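Undergrad: Below: one structure in structure tokens.
The values are calculated or read from the model by the stated rules, or taken from the named source; none is laboratory data. Everything numeric here is computed off the predicted structure, so don't read it as measured data. Cβ atoms come from the backbone with ideal geometry, glycine included; neighbour counts cover every protein chain shown.
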Amino acid sequence: MSAVYVETREIPLGELVKYPGNAKRGDVGKIRESIKRNGQYRSLVVRQADDGTLTILAGNHTFEAIKLERHATARCEVITCDDQDALRINLVDNRSAELGGYDDDALVHLLSYLDEDYDGTGYTKDDVDRLLEPPEFDGEDEAGGDSPAGVGEPVVAYQIVFDDETQQARWYAFVRWLKREYGGAETLGERLVEFFDARVPGIGGADR
């Protein structure tokens with residue numbers, strides 16, 4: 001049996017029950033900051049039992065943050081389901097957020113629109129600064145660094161000047177991608193040549 005949607009409505013906080021044994025430990029402080037700035041933009045998912053009990057399956061920490069903000073009610077999507085489906089919904093809601101990842105390049109690009117006003121996003125200036133940090137290069141990737149046996153000393157070096165932090169972040173993301181994609185190449189220069197050989201014949205290594 002799958003869950004059946006009943007309605008969406010504002011429910012007094014005193015009528016809601018947290019999911020028993022909820023294993024997730026969320027950052028209520030961050031959620032509270034978001035509610036202060038953005039309001040409750042996502043409904044809680046609440047199971048209505050046969051006896052009328054309203055148990056929160058998804059959004060237990062949002063519920064805690066709403067209480068701390070002294071709201072009288074929370075917007076809830078009310079469903080009916082059996083015990084097994086209730087458990088599955090609680091587990092997958094907690095787990096699915098952990099399984100995703102981020103495109104750091106796209107993330108920095110989005111954050112750049114906020115002009116360093118990160119209130120209510122869950123990010124701080126320090127978080128963004130860490131995203132803008134250059135990737136860790138191997139010694140063979142750095143001009144003037146120690147070269148591994150068989151690689152040789154670099155003969156040409158360039159300094160790249162970026163117009164803004166977003167361009168810089170995109171370059172660093174590209175360098176990290178090159179290392180993942182062309183891990184068999186020992187230096188950044190070799191990875192760039194392989195990249196251009198694959199995509200722009202005529203300007204890469206073999207066709208130069």
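Undergrad: Restricting attention to segment 70-115, report how many residues are among the small types (Gly, Ala, Ser), modelled with pLDDT of 95 or more and part of a helix (DSSP H, G or I).
TA: Number satisfying all stated conditions: 1.
Undergrad: Taking the conditions exactly as written (at pLDDT 95 or above, in contact with a helix residue (DSSP H, G or I) (Cβ under 7 Å, 6 or more places away or on another chain), surrounded by 14 or more Cβ atoms within 10 Å (Cβ to Cβ) and more than 30 Å from ARG170 (Cβ to Cβ)), does ILE35 satisfy them or not?
TA: Against the criterion (at pLDDT 95 or above, in contact with a helix residue (DSSP H, G or I) (Cβ under 7 Å, 6 or more places away or on another chain), surrounded by 14 or more Cβ atoms within 10 Å (Cβ to Cβ) and more than 30 Å from ARG170 (Cβ to Cβ)), ILE35 qualifies.
Undergrad: I've got another one for you. Exactly one of (1) crowded, with 18+ Cβ neighbours inside 10 Å; (2) among the β-branched types (Val, Ile, Thr); (3) part of a strand (DSSP E or B) is unmet by THR55. Its number?
TA: Here THR55 meets the rest and fails (1).
Undergrad: Still on this model: Answer with yes or no whether GLU64 is in a helix (DSSP H, G or I), outside the structural domain of THR121 (by TED's automatic domain parsing) and in contact with a helix residue (DSSP H, G or I) (Cβ under 6 Å, 6 or more places away or on another chain).
TA: yes
Undergrad: Next up: Tell me the residue from ARG25, ARG47, ARG42, ARG37 that is part of a loop (DSSP other than H, G, I, E, B), of a type outside the set (A, V, I, L, M, F, W, C) and in contact (Cβ under 8 Å) with a residue 12 or more places away in the chain, please.
TA: ARG42
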